[in-house]
2 protein chains.
Amino acid sequence: MAASTLRLATEHRCFGGTVAYYRHDSEVCGGEMRFSVFLPPQAKAGKVPVLYYLSGLTCTEETFQIKAGAHRLAAELGLMLVVPDTSPRDTGIPNENADWEVGTAAGFYLDATQAPWAPRFRMFSYVTRELPELVGRSFPARMDREGIFGHSMGGHGALVCALRQPGRYRSVSAFAPISAPLRCPWGQKAFRTYLGADVDAGKAWDATELVRSGARLPPLLVDQGTSDKFLVEQLKPELLREACEQSGQPLTLRFQDGYDHGYYFVSTFMEDHLRHHAAALTA
Amino acid sequence: MAASTLRLATEHRCFGGTVAYYRHDSEVCGGEMRFSVFLPPQAKAGKVPVLYYLSGLTCTEETFQIKAGAHRLAAELGLMLVVPDTSPRDTGIPNENADWEVGTAAGFYLDATQAPWAPRFRMFSYVTRELPELVGRSFPARMDREGIFGHSMGGHGALVCALRQPGRYRSVSAFAPISAPLRCPWGQKAFRTYLGADVDAGKAWDATELVRSGARLPPLLVDQGTSDKFLVEQLKPELLREACEQSGQPLTLRFQDGYDHGYYFVSTFMEDHLRHHAAALTA
């Protein structure tokens, strides 16, 4: 397949910059993929750092741009925000839309090895290789200044993308991430579906296991609402904290009193996360 | 019907305050109505000013809370934000959902006089009387400090609510309002549907006509994107400006280069509008 050509779907002026939605034929995922970009005003004058945001289950490339309230500060700080969709769509895989926890909008930012998912559900390679190459070719991006963050499934995705590529991202953070997928129902189902029954295969895609095995991140910021209904069964940040403590990985884990799992929570702490990334990306 | 009892649908911590969604049996509209409220942190300690936001065609009481990016600054300024739905729903009126320009989500913030709409589509009385009474009874609201703003159909609604009640609202503003409904297709269709063919009846609900006839507002702030696809045919802010100039009504009308009609535009200028209201409401 030839190098991707970007197809602009819509474009909107926003805080002096631009929010735009793109589609392209992905070589890695074997079909159309979608993503959105916020270009800050500074991108008119030169290259700007790139901050990737990975979204959670059921979300699209639009969710963050609509709900996160990030544009004001990203415009001030001069950060480009790149938001991929949460999976390939309309792949023709049977029942791809039947379960909100696997398949469409539940790509888990890993490379599937199991049929029928393996040829299409390769979100790790997409997010860490094909999408950045496309961004670097298409936008005024400083590709030596990349950061990554995300929410829930995407918070975990951000951790794993960074843990599997030491030194790649200058800054990492997460909102209410799935912290230990091998030890929660969402992760167990997704890993069984995409990676098969071999637990050792899963360890290479589990943030807590990767930290435990010695992988390192830049100093990590994690916010977690105490009224998040998924906290105890699915998210388990205490397991990530334990692994970080044992391994000497710097972690700032903040429990935010009364906040739930949604974007009212994410938007409240967006400023702290953007400043965390800007400190590393624009220094 | 007894005084409305509020039914809390959902509640979310947000910027130290709370976004909550309510339903209640409306006497004025003869059935269930919905609205949302942002309570700033200051409401825990005492009464706060109330700023009403009226949304545009197709929107619900959720649109603003999700997309407008208003909570951060409203929390800082200590403003309560009250957002009604854009019409009654599920009224049983034939074809209420058939046309996005009239009926459901297109109440136009007026009191209908025509069958079959008249008993239910009474958004003016709802927004200016029943909803404020309910807010005053149910929340720590300073009912002597009310402001009102809105977007598109709701921008016009805000103007008309204020123009018909001189001295009621301390502050008024609008994003891309329908400025002269009697002279645009959206307004002509809605007025014909709700008010009948009598143009004089419509003049009492047309912001430009009300200004022309001598009604007054607090100094008015209006933002309008130059790339708004509805600008020329539907919005016509130049007619409002002309009426304001002739009548001596203070108006700051700002054309924002390259912005469209959506919430990427609204959110960009939200801060200016909230500060405009806070200057009058918290002085």
Checklist outcome for this item: Residues of the stretch B:7-36 being more than 14 Å from chain A (Cβ to nearest Cβ), surrounded by 17 or more Cβ atoms within 10 Å (Cβ to Cβ) and either hydroxyl-bearing (S, T, Y) or closer than 21 Å to B:H71 by Cβ (or both), in sequence order, are B:Y22, B:S26, B:R34, B:F35
Next on the checklist: Any residue at all in the stretch A:181-201 that's closer than 18 Å to A:H151 by Cβ and of a type in the set (S, T, Y)?
Outcome noted: no
Item to check | Answer residue from the stretch B:172-204, given it is among the hydrophobic types (A, V, I, L, M, F, W, C) and assigned to a loop (DSSP other than H, G, I, E, B) and is nearest to B:H276 (Cα to Cα) among those | outcome: B:A176
Checklist entry - Can you tell me which residues in the stretch B:241-264 are within 17 Å of the chain's Cα centre (by Cα) and either of a type in the set (A, V, I, L, M, F, W, C) or more than 15 Å from A:F15 (Cβ to Cβ) (or both)? => result B:H261
Next on the checklist: Kindly evaluate B:F124 against the criterion of being of a type in the set (F, W, Y), buried (at least 19 other Cβ atoms within 10 Å of the Cβ), in contact with a Phe, Trp or Tyr (Cβ under 7 Å, 6 or more places away or on another chain) and on the phi > 0 side of the Ramachandran plot.
Outcome noted: no
Checklist entry - at positive phi and among the hydroxyl-bearing types (S, T, Y): does that describe B:T10? => result no
Checklist outcome for this item: Expected output for the stretch B:124-152 (first residue under 21 Å from B:A174 (Cβ atoms), partner basic (K, R) and not in a helix (DSSP H, G or I), Cβ below 7 Å, 6+ apart or cross-chain) is B:R145/B:R170; B:E146/B:R168; B:E146/B:R170; B:G147/B:R170
Checklist entry - Restricting attention to the stretch A:97-108, which residues are within 11 Å of A:T193 (Cβ to Cβ) and not small (G, A, S)? => result A:D99, A:E101, A:V102, A:F108
Item to check | Pair list, Cβ < 8 Å and 6+ apart or interchain, from the stretch A:193-214 residues that are in contact (Cβ under 8 Å) with a residue 60 or more places away in the chain to residues that are of a type in the set (S, T, N, Q) | outcome: A:T193/A:Q114; A:Y194/A:T113; A:Y194/A:Q114; A:L195/A:T113; A:L195/A:Q114; A:G196/A:T113; A:G196/A:Q114; A:A201/A:T113
Next on the checklist: Looking only at residues that are surrounded by fewer than 22 Cβ atoms within 10 Å (Cβ to Cβ) and small (G, A, S) in the stretch A:205-219, which one is nearest to A:H276 (Cα to Cα)?
Outcome noted: A:A215
Item to check | Which listed residue, of B:P49, B:P41, B:P94, B:P88, is of a type outside the set (A, V, I, L, M, F, W, C) and in contact with a His (Cβ under 9 Å, 6 or more places away or on another chain) | outcome: B:P49
Checklist entry - Can you name the condition, by its number, that A:D228 falls short on among (1) more than 27 Å from A:D111 (Cβ to Cβ); (2) within 17 Å of the chain's Cα centre (by Cα); (3) not β-branched (V, I, T)? => result (2)
Checklist entry - Residues in the stretch A:37-59 that are out of contact with any Gly (no Cβ under 8 Å at 6 or more places or on another chain) and either closer than 25 Å to B:D228 by Cβ or surrounded by 23 or more Cβ atoms within 10 Å (Cβ to Cβ) (or both): how many? => result 2
Next on the checklist: Can you tell me which residue is nearest to the other protein chains (Cβ to nearest Cβ) among those in the stretch A:71-109 that are β-branched (V, I, T) and outside any loop (DSSP other than H, G, I, E, B)?
Outcome noted: A:V83
Next on the checklist: Looking at A:D90, A:D99, A:D198, A:D111, can you tell me which residue is modelled with pLDDT under 95, among the charged types (D, E, K, R) and more than 23 Å from A:L220 (Cα to Cα)?
Outcome noted: A:D198
Checklist entry - So which of A:T58, A:T63 is more than 14 Å from chain B (Cβ to nearest Cβ) and of a type in the set (S, T, N, Q)? => result A:T58
Item to check | Failed item in (1) in contact (Cβ under 8 Å) with a residue 60 or more places away in the chain; (2) among the polar types (S, T, N, Q); (3) surrounded by fewer than 24 Cβ atoms within 10 Å (Cβ to Cβ), with B:T86 passing the rest | outcome: (3)
Checklist entry - Residues in the stretch B:232-272 that are crowded, with 18+ Cβ neighbours inside 10 Å and within 14 Å of chain A (Cβ to nearest Cβ): how many? => result 13
Checklist entry - Among the residues of the stretch B:9-30, how many are more than 16 Å from B:T60 (Cα to Cα), out of contact with any Leu (no Cβ under 6 Å at 6 or more places or on another chain) and assigned to a strand (DSSP E or B)? => result 6
Checklist entry - Any residue at all in the stretch B:43-62 that is in a strand (DSSP E or B) and out of contact with any helix residue (DSSP H, G or I) (no Cβ under 9 Å at 6 or more places or on another chain)? => result no
Checklist entry - Any chance the stretch A:138-157 includes a residue that's closer than 19 Å to A:Y21 by Cα and in a loop (DSSP other than H, G, I, E, B)? => result yes
Next on the checklist: Within the stretch B:220-230, does at least one residue satisfy the condition of being in contact with a Pro (Cβ under 7 Å, 6 or more places away or on another chain) and surrounded by fewer than 15 Cβ atoms within 10 Å (Cβ to Cβ)?
Outcome noted: no
Checklist entry - Which helices (runs of 4 or more DSSP H) sit wholly inside the stretch B:205-283 and have at least 3 residues that are of a type in the set (D, E, K, R)? => result B:237-247, B:263-281
Checklist entry - Quick check, is B:F191 hydrophobic (A, V, I, L, M, F, W, C), out of contact with any Asp or Glu (no Cβ under 6 Å at 6 or more places or on another chain) and surrounded by 21 or more Cβ atoms within 10 Å (Cβ to Cβ)? => result yes
Checklist entry - What number of residues within the stretch A:39-55 satisfy the criterion of being within 14 Å of another protein chain (Cβ to nearest Cβ) and under 19 Å from A:A279 (Cα atoms)? => result 3
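The values are calculated or read from the model by the stated rules, or taken from the named source; none is laboratory data. Treat the numbers as computed from the prediction; the structure is a model and nothing was measured. Glycine gets a Cβ as well: all are built from the backbone with ideal geometry, and neighbour counts include every protein chain shown.
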